[in-house]
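Let me begin by presenting the structure, written as structure tokens, before commenting on it.
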Amino acid sequence: MTYRAEVFVTLKPVVNDPAGLTIKGGLHALGFDSVREVRAGKYLVLTLDADDEDQARSRVEEMTRQLLANAVIEDYRIELKVPSPSGGGQGGGLRT
Amino acid sequence: MNTGIVVFPGTWSDRDCAHALSDVLGQPARYVDHREERLDDLDLVILPGGFSYGDYLRCGAIARFAPVMEAVTDFANRGGLVLGICNGFQILQEARLLPGALLRNASCEFRCEWVNLRVEQSESAFTLDCRPGQVLRIPISHGEGNFFADPQTLEAIERNGQVVFRYCAPDGRVTAESNPNGSLGNIAGIANAHGNVVGLMPHPERACEDLLGSTDGLALFRSAIHALDRVAV
């Protein structure tokens with residue numbers, strides 16, 4: 001089975017994010033004064049083969065712990081898209 | 001002192017390191033390919049600066065899994081001398097051979113300039129020839145050198161005397177103005193608990209000749225030579 005995993009990697013709340021601060025400054029310069037905070041992160045999309053959903057999820061967890069995120073400074077969230085039982089139609093074959 | 005200089009795809013300071021070791025100090029040095037698995041012939045391993053694997057994902061994150069890094073880890077754990085410079089420092093942290101992480105500079109700018117470093121301790125293999133409080137003038141060249149560690153780790157590093165270099169004013173005062181990248185505690189370089197592994201953001205290999213504006217970087221390499229002499233005796 002082929003699965004699609006979305007991995008969101010973000011700096012831990014205690015870690016300063018100079019890029020986010022700079023982006024916030026840019027938004028303020030454009031007049032978007034209501035923006036209180038911007039945190040920048042990474043978004044990775046993985047397409048992988050696995051026997052089932054559990055295996056896919058645990059493999060992506062392992063990949064994220066080992067390489068995709070650095071636990072010293074980053075948190076992560078994984079969303080797994082699995083094929084629908086019916087085999088799915090156009091673009092509708094995936095559910096979160 | 002037999003030195004190995006590790007070359008990853010994207011490493012750029014390897015030749016500067018080789019020049020400092022061989023041409024300036026007259027020490028044998030060879031390049032170590034990132035696929036090599038044996039480092040038995042070496043006394044010192046240098047992970048030089050650059051942009052290994054394009055700095056993709058995080059600086060040092062991919063290099064950390066190159067075949068040579070298993071050998072470097074064994075070498076370090078056996079007490080071998082390891083120096084990580086700039087990107088090499090980032091790789092040592094990704095490999096968990098040194099604590100903490102290096103974030104994007106607080107200014108979001110790439111900083112390429114001369115800095116002053118206060119030597120915090122002369123116990124590490126790379127500061128034996130220095131005295132605590134001594135100020136070294138050495139250049140930096142990085143976009144992600146903003147030292148970070150969680151409060152407990154930072155406290156432990158400080159308590160154990162693992163902070164080796166701090167950014168400072170020319171007179172040795174550690175000030176906010178002399179911090180080029182936002183590093184916690186103005187930390188520019190740290191050692192592992194045994195002092196045989198050191199990582200720093202500044203480039204000592206670029207401060208080894210008067211022609212380049214400073215010879216202060218030699219102190220690190222000469223210290224390593226003396227550290228080996230001390231072990232041999």
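The values are calculated or read from the model by the stated rules, or taken from the named source; none is laboratory data. Treat the numbers as computed from the prediction; the structure is a model and nothing was measured. With ideal geometry, Cβ positions are generated from the backbone for all residues, glycine too; neighbour counts draw on all protein chains shown.
Below is a table of values for the structure above.
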| quantity | calculated |
| --- | --- |
| Criterion violated by B:Glu120 - all others in (1) in contact with a helix residue (DSSP H, G or I) (Cβ under 7 Å, 6 or more places away or on another chain); (2) more than 22 Å from A:Asn16 (Cβ to Cβ) satisfied | (1) |
| Residue count for the range B:77-93, restricted to those that are surrounded by 23 or more Cβ atoms within 10 Å (Cβ to Cβ) and either hydrophobic (A, V, I, L, M, F, W, C) or more than 19 Å from A:Asn16 (Cβ to Cβ) (or both) | 11 |
| Test: residue in the range B:33-53 that is at pLDDT 95 or above, of a type in the set (Ser, Thr, Tyr), crowded, with 24+ Cβ neighbours inside 10 Å and at negative phi | yes |
| Verdict on B:Pro180 being crowded, with 23+ Cβ neighbours inside 10 Å, in contact with an Asp or Glu (Cβ under 8 Å, 6 or more places away or on another chain) and part of a loop (DSSP other than H, G, I, E, B) | yes |
| Considering residues of the range B:143-168 that are over 15 Å from B:Ile190 (Cβ atoms) and touching a Leu at 6+ places or on another chain (Cβ under 8 Å) only, the residue farthest from the other protein chains (Cβ to nearest Cβ) | B:Cys168 |
| Test: residue in the range A:62-73 that is modelled with pLDDT under 95 and more than 10 Å from chain B (Cβ to nearest Cβ) | no |
| Residue within the range A:52-65 that is over 30 Å from B:Arg96 (Cβ atoms) and out of contact with any His (no Cβ under 7 Å at 6 or more places or on another chain) present | yes |
| Single match in B:Glu109, B:Glu94 (criterion: within 14 Å of chain A (Cβ to nearest Cβ), free of Cβ contacts under 8 Å to residues at least 40 places away in the same chain and within 21 Å of B:Arg206 (Cβ to Cβ)) | B:Glu109 |
| Output for the range B:167-186, where each listed residue is without any contact (Cβ under 8 Å) to a residue 24 or more places away in the chain and small (Gly, Ala, Ser) | B:Ala176 |
| Long-range neighbours under 7 Å by Cβ, at least six apart or interchain, first residue without any contact (Cβ under 8 Å) to a residue 40 or more places away in the chain within the range B:212-233, second in a helix (DSSP H, G or I) | B:Leu212/B:Arg206 |
| Which numbered condition A:Pro13 misses (of (1) surrounded by 15 or more Cβ atoms within 10 Å (Cβ to Cβ); (2) of a type outside the set (Val, Ile, Thr); (3) not in a strand (DSSP E or B)) | (1) |
